[in-house]
Amino acid sequence: MKSVLETLEPLLGEFCEVKTASSQKNQGLRFADMVFHFFRYGLSSDKIIIDVYSTLAFQYAFILGILAHIFGKPYVLSLHGGNLPNRYQVSSKKVKWLFNRACHIIAPSHYLADFFNQQGFQVQVIPNIIPLSEYPYYQRKSIRPRILAIRGFGNPYNPLMTLKAVHLLKDQVQDLKVLMLGNPEEPHYPEVMNFIYGHGLEGIVEVRPKMPKNEWIALSKDYDIMVSNPLIDNTPISLIEGMALGMCVVSTKVGGVPYLVSEKECALVDSDDATGLSQAILSILQDAGYAQQLSRNSREKAEEFDWENIKPLWMKILTES
């Protein structure tokens, strides 16, 4: 999956020259590529944009910030990751050093911006973007019991919550079908497969490897409900993507999600609440008027994240002296 900056690169190219690093999946190679690009392109750049995450990748951002400071290069911090407030608690000295020397700090949601503004930093909200033209809108009217979960089986995404909800629904909903995307190397893959076969869900739940975005978008027309139930999150692009497609989206109300959407646009449930998730899905299936409203409102919300609406904010930050 592309990083936010990799997605932005061709769009920012409309008004400035941009080089991004790195597409390497291996963490060590990724960091090495970042350092290489810093010395190859960063030293001649007007500004450097640094993605800041809450995981090990935070250390990469910190080191790049040190290099930018040593060589006198202005840098912009782009905050990501719903657990960054916790990173601030455990690494406050590093966070303060990095943030205090940035020429701009931007966040994709008011969730992160509000937290760090309260700590005394100046953080501007620039939402994540989606190229809306890539997401054909289909108004859901007659809702089918077809559920799509694309986020995978990594630690934050709690795929067992999805399966527990499906198990609660299997005797209440006829012809229920669920597609989950996830790879064998992900941490919870064995648990997912064991749960499916241990609870007789193999005729209901299909697991496929993660696929390129254009492929799952093409598949989405066969599904009317998207579920996203992470334990922590910031501004999930996948949620916005599902909304842009007109799907009825159900999400846990964790981290930045309640700052991103309201109950008018997305059905929100408590973290790790499989019963609540099953009830939300039932409400969508049993109330066509509610489902149609979700589908319509979700697309309207997603339109706020189209590039044409976000571009002026980036232009101001990157082109001002």
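A few remarks follow.
- Close amide-amide hydrogen proximity is noted between I49 and V76, each under 5 Å apart and 5 or more residues distant or on a separate chain (H modeled in the peptide plane; Pro and chain starts excluded).
- The heavy atoms of W314 offer some 10 square angstrom of accessible surface to a 1.4 angstrom probe.
- Exceeding the 29 Å Cα-Cα cut-off - candidates K94/K210; K19/K213; K93/K213; K25/K301; K213/K253; K94/K213: K94/K210; K93/K213; K25/K301; K94/K213
- Cα pair count fraction exceeding 15 Å, expressed as % - segment 265-314: 58 percent
- Accessible-area rank, largest first, for S271, S238: S271, S238, with all protein chains present and a 1.4 angstrom probe.
- Total charge dipole magnitude, segment 186-321, about the Cα centre, Cβ charges on Lys, Arg, Asp, Glu only, Debye to nearest 20: 280 debye
- Length added when fully stretched, D175-T275, from 0.36 nm per residue minus Cα-Cα: 34.0 nm
- Above 15 Å, the calculated P(r) of segment 195-260 contains 61 percent of its Cα-Cα pairs.
- Here the Gaussian network model covers the chain, with springs between Cα atoms less than 10 Å apart; of A32, A165, A291, A32 fluctuates the most.
- Sequence-distant residues sharing a close amide H with I129 (under 5 Å, placed H): none
- Rolling a 1.4 Å probe over the protein chains gives M34 an accessible area of about 30 Å².
- Accessible area in the full protein assembly, largest first, 1.4 Å probe, for V90, V257: V90, V257
- Figure note: E303, E241, E14, E9 ranked by solvent-accessible area, largest first, 1.4 Å probe, ligands and nucleic acids not counted: E14, E303, E9, E241.
- Magnitude of the charge dipole, segment 135-214, Cβ model with Lys/Arg +1 and Asp/Glu -1, debye to 20: 500 debye
- Point-charge dipole on Cβ atoms (K/R +1, D/E -1) for segment 260-321, about Cα centre, debye to 20: 220 debye
- Per-selection Rg to Rh, segment 112-173 - Cα, Kirkwood hydrodynamic radius: 1.15
- Counted over segment 227-318 with a bin width of 10 Å, the fraction of Cα pairs per bin, in whole percents, is 17, 46, 27, 8, 2.
- Share of Cα-Cα pairs in segment 140-233 lying beyond 20 Å, as whole percent: 33 percent
- Residue with peak Gaussian network fluctuation, the chain [Cα springs, cutoff 10 Å], from L29, L112, L260: L29
- DSSP-assigned coil residues among GluC sites (Glu not before Pro) in segment 121-195, each with at most 11 further Cβ atoms within 10 Å: E185
- The fraction of all Cα pairs in segment 162-294 landing in successive 10 Å bins from 0 to the largest distance is 11, 42, 40, 6, 0, given as whole percents.
- Model label points for E215 and L318, set 7 angstrom from Cα along the Cα-to-Cβ axis, are 3.0 nm apart.
- Among E186, E206, E265, residue whose mean-square fluctuation peaks in a GNM of the chain (springs only between Cα atoms under 10 Å): E186
- Accessible surface of I225 - all protein chains present, 1.4 Å probe, nearest 10 Å²: 0 Å²
- The distance linking segment 131-160 with segment 20-98 is 31 Å (Cα centroid to Cα centroid, whole angstrom).
- The largest-to-smallest principal axis extents of the Cα set in the chain are 64, 38, 36 Å.
- For segment 86-126, alpha-carbon Rg and Dmax in angstrom: 9.7, 26
- Projected area, mean over directions - segment 38-117, Cα convex hull, nm²: 4.9 nm²
The values are calculated or read from the model by the stated rules, or taken from the named source; none is laboratory data. On a predicted model such as this, the values are computed, not experimentally measured, just so you know. Here Cβ is always computed from backbone atoms with ideal geometry, including for glycine, and neighbour counts include all displayed protein chains. Remember, those area values only see protein heavy atoms, side chains included, never the ligands or the DNA or RNA. Shrake-Rupley method; radii C 1.70, N 1.55, O 1.52, S 1.80 Å.
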